[in-house]
1. Name the residue that is surrounded by the most Cβ atoms within 10 Å (Cβ to Cβ), counting only residues in region B:302-311 that are free of Cβ contacts under 8 Å to residues at least 12 places away in the same chain and at the interface with chain A (Cβ under 8 Å from one of its Cβ atoms).
2. Any idea which of A:90, A:94, A:129 is under 18 Å from residue A:225 (Cα atoms), of a type in the set (Asp, Glu), open to solvent by less than 60 Å² (accessible area, probe 1.4 Å) and more than 11 Å from every other protein chain (Cβ to nearest Cβ)?
3. Could you name every one of the strands (runs of 3 or more DSSP E) located completely within region A:147-264 that has at least 1 residues being in contact with a His (Cβ under 6 Å, 6 or more places away or on another chain)?
4. Among the residues of region A:222-261, count how many are of a type in the set (Phe, Trp, Tyr), within 12 Å of chain B (Cβ to nearest Cβ), in contact (Cβ under 8 Å) with a residue 40 or more places away in the chain and more than 26 Å from residue B:304 (Cβ to Cβ).
5. Give the residue that is farthest from residue A:252 (Cα to Cα), with candidates limited to residues of region A:37-50 that are of a type outside the set (A, V, I, L, M, F, W, C) and surrounded by 18 or more Cβ atoms within 10 Å (Cβ to Cβ).
6. Restricting attention to region B:276-294, report how many residues are without any contact (Cβ under 8 Å) to a residue 12 or more places away in the chain and either open to solvent by 80 Å² or more (accessible area, probe 1.4 Å) or touching a helix residue (DSSP H, G or I) at 6+ places or on another chain (Cβ under 6 Å) (or both).
7. I need the full set of residues from region A:123-156 which are modelled with pLDDT of 95 or more, farther than 30 Å from residue B:301 by Cα and under 18 Å from the mean Cα position of the chain (by Cα), in order please.
8. Output the residues belonging to region B:113-145 that are of a type in the set (Val, Ile, Thr) and either open to solvent by 10 Å² or more (accessible area, probe 1.4 Å) or closer than 17 Å to residue B:176 by Cα (or both).
Amino acid sequence: MRRGALLFTGVALVSLGVSLRSQPPSPSARRERGAQPPQSPRAIAPSDFTGYWVSVVTEDWRWRMVTPAKGDYDSVPLNPAGRREADTWDPQRDEAAGEACRAYAAPAIMRVPGRIHVTWENDAALRIDAEAGTQTRVFRFGAPPDRGAPAPTWQGESIASWELSGRGGGMFGGRPPRPSGALKVVTTRIRPGYLRKNGVPFSASAVLTEYFNVLGPEDNGDVWLVVTTIVQDPQYLATRFFTSTHFKKLPDGSSWHPTACRAS
Amino acid sequence: MARTPVGMWAALAGALTIPLSPSFSADQDRAPAAGQASPSLVEYDDGVQKSTPNGVDFTGEWAPRFHEDEPERVPGPELGDYLGIPINDAARMRAETWEASIQTLPEWQCRPHSADYIWRGPSPLRIWKDVDPVSRQVVAWHAEWLRSVDRSIYMDGRPHPSPNAPHTWAGFSTGTWDGDVLTIKTTHLKEGYVRRNGLPRSDRATLTEHWMLHGDVLTVAAITTDPVYLTEPFIRTTDYELDPHQWVPPYPCQVVEEVDRKPGIVPHSLPGASDATSEFAARCGLPVAATRGGAETMYPDFRDKIGFITSKCIAAQR
């Protein structure tokens, strides 16, 4: 019994030493080392989002590869006001009014079949060019620039951040937060448009939240970009509207050919 | 005898001397230098623990969101709709000889959806985990839907069984972390379907999944590779929303005699006798070349071939 108790105490003390060695450094020790300058969002990117990607349309084919019929708003959680608005769709009217890009705005553009090109515009801004409608999105990390109240645009104002893994803390330190792989983008100030080409509407109140993940390479070498899209619109949607869209990485931009917006 | 505070700390520290798998596996990878003893299994290496990916917790009740392909996923797909699926001619022939009434056969009535299809099915999802009581590591995840078997995803590094091992609806799944994404490899699937209108998936198929958690949203990318019926990997991405009030109801499926037919009769169409794809094409105003599916139909450039079309399809409105 006594021998067992001694063994337990010895192991416990060794373990306590291990535990103390792993304590985070004191504030004074951190000051002595000097504060590290913050790294740019580009420098700490957890995945390589850049390159050419092509959408692979294995879902919602009837609503994406062709123009859906007027009144076909299946799968979209429209409220009565949204349905009434969708039933007024008139592509000729949109074309004549210079509104042919209504189905190419931020809440819809990732669902429009085509290639996208992702680049870093600078160390704190990721840019997506889309073939469809020749649209450009810019995701800026950090606080939005103070530009007053600019007019809404098709692609709106997008604020980006890296999703973090862990929050740290706890009795034994825990894991410090770090980018976990996903890019989160919140977009507002979007010009009213369509979630689908047949006039399924979103309003100026819409808020778009997106998560971008790079997956792979798979066993055959494929690399995927998956975008989870959540649209909130108190004017036209009864609930949050969820879609997820997948793109396959291309070796280069040799097949890139931007096209103009079409209202129908 | 009352313990002193020091004694309590020692006891707490002692409790941390259990063998934890991150330390163990990492030490296994590092061969001891000549003259050094093998690392102790009772040392808790906090640095290894902090650097070992342990992912996120997917535990919970997940409600499916049918904001994509709702007509296909809930009421069911139309016959002859193979749009955007990279099938080959063999799959097309199987599908064209398929009759929906096959599901009235006793052998089919309680058949669960397979691991690759179930994400796209119409039911709620429950995810839970097995935790090793000693190491406190997650050693397995489980996923269960209304009409499925309990699906285990092993996280303990065990190998997949022999190719000759039995195939099941859930298959055999192992998982690894890539940051916060759980990547799952599944083999040993029984023959199933990629769409509930007869498009087959063979028992030689394999499945790769990536589970992604974003706040209260679960997105799963499921990639099926099938050397028998697919010409390219078939990817679908599906979303679920956390719903703590949800529960997965029981599914006590009971086989009954649904149709009075002679024993041995299997509902089917003979090859060439079905015109489902052309009927579906006509109803929706789509080219038959599109409704017959194939890898070409899932890429944007296919629109250059069919031109700008406005569909005539309107599903039942709700």
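1. B:303
2. Exactly one residue qualifies, and that residue is A:129.
3. In region A:147-264, the matching strands (runs of 3 or more DSSP E) lie at A:207-215, A:224-232, A:241-250.
4. 1
5. Ranking the qualifying residues of region A:37-50, first place goes to A:41.
6. Counting residues in region B:276-294 that are without any contact (Cβ under 8 Å) to a residue 12 or more places away in the chain and either open to solvent by 80 Å² or more (accessible area, probe 1.4 Å) or touching a helix residue (DSSP H, G or I) at 6+ places or on another chain (Cβ under 6 Å) (or both) gives 1.
7. Answer for region A:123-156, where residues must be modelled with pLDDT of 95 or more, farther than 30 Å from residue B:301 by Cα and under 18 Å from the mean Cα position of the chain (by Cα): A:123, A:124, A:140, A:141.
8. Filtering region B:113-145 for residues of a type in the set (Val, Ile, Thr) gives B:118, B:127, B:131, B:134, B:138-139.
B:127, B:131, B:134, B:138, B:139, listed by residue number.
The values are calculated or read from the model by the stated rules, or taken from the named source; none is laboratory data. Everything numeric here is computed off the predicted structure, so don't read it as measured data. Quick reminder, even Gly has a Cβ in these numbers, built from the backbone with ideal geometry, and neighbours come from all protein chains shown. Keep in mind that these areas ignore ligands, DNA and RNA; they rest on the heavy atoms of the full protein, side chains included. Shrake-Rupley method; radii C 1.70, N 1.55, O 1.52, S 1.80 Å.
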